[in-house]
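The values are calculated or read from the model by the stated rules, or taken from the named source; none is laboratory data. Nothing here was measured: the structure is a model prediction, and the numbers come from that model. Every residue, glycine as well, gets a Cβ built from its backbone with ideal geometry; the counts of neighbours run over all protein chains shown.
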Amino acid sequence: DGITLEQVREYVWEVPQEGDMRVPARVLASEALLEEISEDKTLEQITNTTHLPGITNYAICMPDGHQGYGFPVGGVGALDAENGCISPGAVGYDINCGVRMMRTNLTYDELQGREEELVDSLFANVPSGLGGGGIVESGVDTVDEILERGVDWALEHGHAVEEDLLHCEDEGMREGADADKISQKAKDRGKNQIGSLGSGNHFLEVQRVTDVFDDEVGEAFGLEEDQIVVLIHCGSRGLGHQTCNDYLRKIEQQHQGLLNQLPDKELAAAPAGSQLAEDYYAAMNAAINFAWVNRQLIMHRTRQVFERVFDRSWEDMEMELLYDVAHNIAKKETHTVEGKERELYVHRKGATRAFPAGHPEVPKAYRDVGQPVIIPGSMGAGNYVLRGGENSMDLTFGSTAHGAGRLMSRTQAKDEYWGGDVQQELEEQDQIYVKAQSGATVAEEAPGVYKDVDEVVRVSDELGIGDKVARTFPVCNIKG
Ligand code: 5GP
Ligand code: MN
Ligand code: MN
């Protein structure tokens, strides 16, 4: 509604600063993507974000951006960690929703003919759907340990190997996590969901590598054409959702003053330095650890399923974690702003960290080429592995897109598609085997509800924030 954008240069659009905006808002998109982004409330939401205290440089909307709770999905906001604030809505309800990719040394040839057996076995062994039940059934004591130790807990209990930790952001354990800052209700929701996909947009997908665009980086990532890989997308389940809710309520009770200054209540934020900001950060870090353990348990279970289906050990199939990236988080990071180092809460909601070559936080194995970035498309489209681009620190606080991004609401999708038809078409036309707990989920997640992932990734690559390394295509997919 009346938001005018100025083009800064190719793929960079700006809502100029005016009124109570503290900085301009930026949208990174091609004209085609911008048209889609302009159809819902995304532009209004990214503009509202510029009102948050301590926001630095710009509020940024990625090429896959779409409307979310307060802050758009595909949004990046860097808020000063001393004088700014931290905002649960700018992290997202599903704290540390993210993706991890596991390599194998199997080829598509070796898998063909066994897709149904594999998809059935994955579906039977990896918990999914709305109901309870995870890979580990436990009490709250176990939840507390997981919240504070992350994947280190999984290692101790035989659900991980050392290398898994090295190939995860923060090595699978976020510092400063405090289980006491997570409510009993959140723990109760989480305790029987440890190692479960959940429903809707979350999935486990077996894929084949169709293209390697950069041989040198492809080699560093261990990716080759025709290779089978596994992609896992899920987050912190009910525990993260409850935590987001709990802290939004507390902010409403304790920081009305700041809330009243904001154009949208959904942007509720705790002022940096307040007890509540510290508490939320410690709780969020704990929920982040929970999500990492969740993805780890699912990945390790997947290894066991492959062992049974292919009658070989997972080590023999070289089923190694390529990388795990979070796409709903905030993190205190040091960035150079106008020549000065500043501590910022970098909020990435539906956005992926994309640190370039040489950055000390990129794991050793990838430090010379940049961190792997994983961008899913849809159950009927391509997916990409990128590497953090040279321009990401200057343009996006070291971030890029996280997916294709939704084009249509879930309600619209259910009017448009029928799950059974979608499933049949995928199988007959593309040899993609989908198995879901509910047909409605398949309709809500039909390939047509998402934007063109090739276009999203093209923009990231052209801007040099995340460079194309490889493309994959689905073979088997399970979801809730
Ligand atoms: P989000 O975390 O925002 O729900 O979704 C991440 C991205 O995953 C979406 O933007 C979409 O591009 C992608 N996606 C959703 N469902 C599927 C699926 O079943 N398979 C694949 N490969 N990608 C999906
Ligand atoms: Mn997600
Ligand atoms: Mn999620």
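Going through Glu455, Glu428 one at a time, which residue ends up being assigned to a helix (DSSP H, G or I), surrounded by fewer than 21 Cβ atoms within 10 Å (Cβ to Cβ), out of contact with any strand residue (DSSP E or B) (no Cβ under 7 Å at 6 or more places or on another chain) and in contact (Cβ under 8 Å) with a residue 24 or more places away in the chain? Steps first, answer last, please.
Numbers: Glu428 fails: in contact (Cβ under 8 Å) with a residue 24 or more places away in the chain.
Testing whether each residue is assigned to a helix (DSSP H, G or I), surrounded by fewer than 21 Cβ atoms within 10 Å (Cβ to Cβ), out of contact with any strand residue (DSSP E or B) (no Cβ under 7 Å at 6 or more places or on another chain) and in contact (Cβ under 8 Å) with a residue 24 or more places away in the chain leaves just Glu455.
Do we have Gly92 as modelled with pLDDT of 95 or more, within 16 Å of ligand 3 (Cβ to nearest atom) and either surrounded by 18 or more Cβ atoms within 10 Å (Cβ to Cβ) or closer than 30 Å to Gln184 by Cβ (or both) here? Before you say what the answer is, go through the steps one by one.
On the way: modelled with pLDDT of 95 or more: yes; within 16 Å of ligand 3 (Cβ to nearest atom): yes; either surrounded by 18 or more Cβ atoms within 10 Å (Cβ to Cβ) or closer than 30 Å to Gln184 by Cβ (or both): yes.
Spelling it out, Gly92 is indeed modelled with pLDDT of 95 or more, within 16 Å of ligand 3 (Cβ to nearest atom) and either surrounded by 18 or more Cβ atoms within 10 Å (Cβ to Cβ) or closer than 30 Å to Gln184 by Cβ (or both).
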Self-check item: Subset of region 329-344 [on the phi < 0 side of the Ramachandran plot and out of contact with any helix residue (DSSP H, G or I) (no Cβ under 8 Å at 6 or more places or on another chain)]
Solution: Lys331, Glu333, Thr334, Val337, Lys340, Glu341, Arg342, Glu343, Leu344
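If the requirement is being in contact with a helix residue (DSSP H, G or I) (Cβ under 6 Å, 6 or more places away or on another chain) and under 29 Å from Ile86 (Cβ atoms), which of these qualifies: Gln261, Gln254, Gln184? Break it down into steps so the answer makes sense when it comes.
Numbers: Gln261 fails: in contact with a helix residue (DSSP H, G or I) (Cβ under 6 Å, 6 or more places away or on another chain); Gln184 fails: in contact with a helix residue (DSSP H, G or I) (Cβ under 6 Å, 6 or more places away or on another chain).
Of Gln261, Gln254, Gln184, the one residue that is in contact with a helix residue (DSSP H, G or I) (Cβ under 6 Å, 6 or more places away or on another chain) and under 29 Å from Ile86 (Cβ atoms) is Gln254.
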Quiz prompt | region 306-333, subset in contact (Cβ under 8 Å) with a residue 24 or more places away in the chain and of a type in the set (Gly, Ala, Ser), residue farthest from Glu116 (Cα to Cα) | solution = Ala330
Quiz item: Could we say that Phe355 is in contact (Cβ under 8 Å) with a residue 40 or more places away in the chain, under 25 Å from the mean Cα position of the chain (by Cα) and outside any helix (DSSP H, G or I) here?
Solution: yes
Exercise. Mind listing just one residue for me: the one in region 182-227 that is over 22 Å from the mean Cα position of the chain (by Cα) and in a strand (DSSP E or B) and, of those, farthest from ligand 1 (Cβ to nearest atom)?
Key: Val212
Quiz item: Of the residues Leu223, Leu267, Leu204, which single one is within 22 Å of Leu321 (Cα to Cα), more than 16 Å from ligand 2 (Cβ to nearest atom), buried (at least 22 other Cβ atoms within 10 Å of the Cβ) and among the aliphatic types (A, V, I, L, M)?
Solution: Leu223
Quiz item: Taking the condition under 29 Å from Val469 (Cα atoms) and away from ligand 3 (no atom under 16 Å from the Cβ), does Ser399 pass?
Solution: yes
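On the basis of being under 30 Å from Gln45 (Cα atoms), within 16 Å of ligand 3 (Cβ to nearest atom) and either assigned to a strand (DSSP E or B) or at pLDDT 95 or above (or both), does Val325 make the cut? Give the steps one after another, and end with the answer.
Details: under 30 Å from Gln45 (Cα atoms): yes; within 16 Å of ligand 3 (Cβ to nearest atom): yes; either assigned to a strand (DSSP E or B) or at pLDDT 95 or above (or both): yes.
Yes: the conditions hold for Val325.
Within region 54-158, which strands (runs of 3 or more DSSP E) (wholly inside it) include 2 or more residues that are at positive phi? Please lay out each step first, then the result.
On the way: elements: 59-66, 73-80, 98-107.
The strands (runs of 3 or more DSSP E) meeting that bar number zero.
In the list Gly172, Gly132, which residue meets the criterion of being of a type in the set (Gly, Ala, Ser) and surrounded by fewer than 19 Cβ atoms within 10 Å (Cβ to Cβ)? Break it down stepwise before answering.
Values: Gly172 fails: surrounded by fewer than 19 Cβ atoms within 10 Å (Cβ to Cβ).
That would be Gly132, the only listed residue that is of a type in the set (Gly, Ala, Ser) and surrounded by fewer than 19 Cβ atoms within 10 Å (Cβ to Cβ).
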Quiz item: Can you name the number of the only condition in (1) among the β-branched types (Val, Ile, Thr); (2) in contact with a helix residue (DSSP H, G or I) (Cβ under 9 Å, 6 or more places away or on another chain); (3) within 16 Å of ligand 2 (Cβ to nearest atom) that Ile298 fails?
Solution: (2)
Exercise. Run Glu252 past the list (1) touching a Ser or Thr at 6+ places or on another chain (Cβ under 8 Å); (2) of a type in the set (D, E, K, R); (3) within 30 Å of Gly19 (Cβ to Cβ) and report the number of the one that doesn't hold.
Key: (1)
Quiz item: If Leu130 passes every condition in (1) more than 22 Å from the chain's Cα centre (by Cα); (2) of a type in the set (A, V, I, L, M); (3) at pLDDT below 95 but one, which one does it miss?
Solution: (1)
Quiz item: Glu10 versus (1) within 20 Å of Ala330 (Cα to Cα); (2) surrounded by fewer than 18 Cβ atoms within 10 Å (Cβ to Cβ): which is the lone unmet condition?
Solution: (1)
Self-check item: Filter result for Gly380 (among the small types (Gly, Ala, Ser), in contact with a Gly (Cβ under 9 Å, 6 or more places away or on another chain) and assigned to a loop (DSSP other than H, G, I, E, B))
Solution: yes
Quiz item: What are the residue pairs meeting all of these: first residue in region 1-21, first residue at pLDDT 95 or above and assigned to a loop (DSSP other than H, G, I, E, B), second residue of a type in the set (A, V, I, L, M, F, W, C) and surrounded by 13 or more Cβ atoms within 10 Å (Cβ to Cβ), Cβ atoms under 7 Å, and 6 or more apart or on different chains?
Solution: Leu5/Trp13; Leu5/Val15; Leu5/Val27; Tyr11/Leu28; Tyr11/Ala29; Tyr11/Val459; Tyr11/Leu463; Gln17/Val23
Quiz item: So which residues in region 383-406 are out of contact with any Phe, Trp or Tyr (no Cβ under 6 Å at 6 or more places or on another chain), within 16 Å of ligand 1 (Cβ to nearest atom) and assigned to a loop (DSSP other than H, G, I, E, B), if there are any at all?
Solution: Ala401, His402, Gly403, Gly405
Quiz prompt | Residue satisfying all of: in region 228-261; within 16 Å of ligand 1 (Cβ to nearest atom) and part of a helix (DSSP H, G or I); surrounded by the fewest Cβ atoms within 10 Å (Cβ to Cβ) among these | solution = His241
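Take Ala440 and decide whether it is more than 16 Å from ligand 3 (Cβ to nearest atom), surrounded by fewer than 24 Cβ atoms within 10 Å (Cβ to Cβ) and within 22 Å of the chain's Cα centre (by Cα).
Working: more than 16 Å from ligand 3 (Cβ to nearest atom): yes; surrounded by fewer than 24 Cβ atoms within 10 Å (Cβ to Cβ): yes; within 22 Å of the chain's Cα centre (by Cα): no.
It is false that Ala440 is more than 16 Å from ligand 3 (Cβ to nearest atom), surrounded by fewer than 24 Cβ atoms within 10 Å (Cβ to Cβ) and within 22 Å of the chain's Cα centre (by Cα).
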Quiz item: When you go through (1) buried (at least 21 other Cβ atoms within 10 Å of the Cβ); (2) under 23 Å from Phe221 (Cβ atoms) one by one for Glu110, which number turns out not to apply?
Solution: (1)
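Residues Ile95, Ile46: which one is among the hydrophobic types (A, V, I, L, M, F, W, C) and over 16 Å from the mean Cα position of the chain (by Cα)?
Working: Ile95 fails: over 16 Å from the mean Cα position of the chain (by Cα).
Result of the check over Ile95, Ile46: Ile46.
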